[in-house]
Amino acid sequence: MSEVKGTLIPIGGAEAKGKAEINGLDFITEGILSHVVKESGGKNAKIVVIPTASSIPIKVGKNYLAAFKELDCENVTVLSLKEPAHCELEESLKMVEEADCLMFSGGDQSKIASVIGGTKMHELIKKRYINEDFVIAGTSAGAMAMATEMIAGGSSTEALLKGAVIMREGLGLIPELIIDTHFVRRGRFGRLAEAVAIHPELLGIGLAEDTGLIIKNCNEFKVIGSGMVIMLDASRLTHNTHDELRDGTPMSMSNLTTHILANGDRFKIDNRVISVLPIQEEFV
């Protein structure tokens, strides 16, 4: 995808929502949502929270309203989308049309794909993202749904057995990536490894909690937050048994490239070049 003007901010979940909640390293001076507000234009930005993925959307919506208020951002509303018909309503489309930022909550990423995918709202979101200075942020399920090839589920305990990961179509905002979240705490290396074995042309991104990316031009991203980003690059695999195996059979892969990035590090998706934050700058 070229000539993209918008910004994506996928977050690994459990994001610190204000300066009072920061427990990370000294050089983390702002919460994840502070970055969302800044990228959206500041405290006067129009932010629309979409808790479609959540099983408790009313509570989640209220939590985000309170979190953004703590950051002096008052122009925040919650858009309830429970079925595809809601994504065709003029009042819903108008909210998205007038927003500076959409914030997708966590929960079940398949709900986002099922409710929004293929609707007028989906087309509007993609159009604004490609053509405008428009921010789309998402935490946990909201981050995973940004991809075209979306991880819809999979057991960590059965990781590296063929069939442990469940894939389906996401919103298609960043076709070059497969995104997984809560990556370190929930031990999801194996399911992301299988996902890139299925799609070796794509880059696997594992986001730790309270960690995210700011992706510009659908290509260059910067790491934000207090945790790490694990990247799996299967483009140079010399051995990949996935296509040959029956479900439930242990997999094997060779020459899977792994990168570990932290706050301030940058990466270009097209040529897969890393720029690591110089150590002397980390504590400035």
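The values are calculated or read from the model by the stated rules, or taken from the named source; none is laboratory data. Since the model is a prediction, treat every value here as computed from it, not as a measurement. Quick reminder, even Gly has a Cβ in these numbers, built from the backbone with ideal geometry, and neighbours come from all protein chains shown.
When the test is whether a residue is buried (at least 19 other Cβ atoms within 10 Å of the Cβ), at pLDDT 95 or above and among the hydrophobic types (A, V, I, L, M, F, W, C), Ala16 does not pass it.
If you go through the range 213-223 one residue at a time, do you hit one that is free of Cβ contacts under 8 Å to residues at least 40 places away in the same chain and either more than 29 Å from Asn131 (Cβ to Cβ) or surrounded by 20 or more Cβ atoms within 10 Å (Cβ to Cβ) (or both)? Spell out the reasoning first.
Applying the first criterion (free of Cβ contacts under 8 Å to residues at least 40 places away in the same chain) to the range 213-223 yields none.
The answer is no, given that none of the residues of the range 213-223 is free of Cβ contacts under 8 Å to residues at least 40 places away in the same chain and either more than 29 Å from Asn131 (Cβ to Cβ) or surrounded by 20 or more Cβ atoms within 10 Å (Cβ to Cβ) (or both).
The set of residues in the range 72-85 that are crowded, with 20+ Cβ neighbours inside 10 Å and either within 15 Å of Ser34 (Cα to Cα) or not hydrophobic (A, V, I, L, M, F, W, C) (or both) comprises Cys73, Val76.
Within the range 224-270, restricting attention to residues that are aliphatic (A, V, I, L, M) and in a loop (DSSP other than H, G, I, E, B), which residue is surrounded by the most Cβ atoms within 10 Å (Cβ to Cβ)? Walk me through it before giving the result.
Step one: list which residues in the range 224-270 are aliphatic (A, V, I, L, M), which gives 224, 228-232, 234, 237, 245, 251, 253, 256, 260-262, 269.
Narrowing further to those that are in a loop (DSSP other than H, G, I, E, B): 228, 234, 237, 245, 251, 256, 262, 269.
Details: Met228: 18, Ala234: 22, Leu237: 16, Leu245: 15, Met251: 19, Leu256: 19, Ala262: 19, Ile269: 19.
Per the stated criteria, the residue is Ala234.
When the helices (runs of 4 or more DSSP H) confined to the range 42-134 are screened for residues that are among the hydrophobic types (A, V, I, L, M, F, W, C), closer than 21 Å to Met144 by Cα and out of contact with any Phe, Trp or Tyr (no Cβ under 7 Å at 6 or more places or on another chain), those reaching at least 2 such residues are found at 109-116, 120-131.
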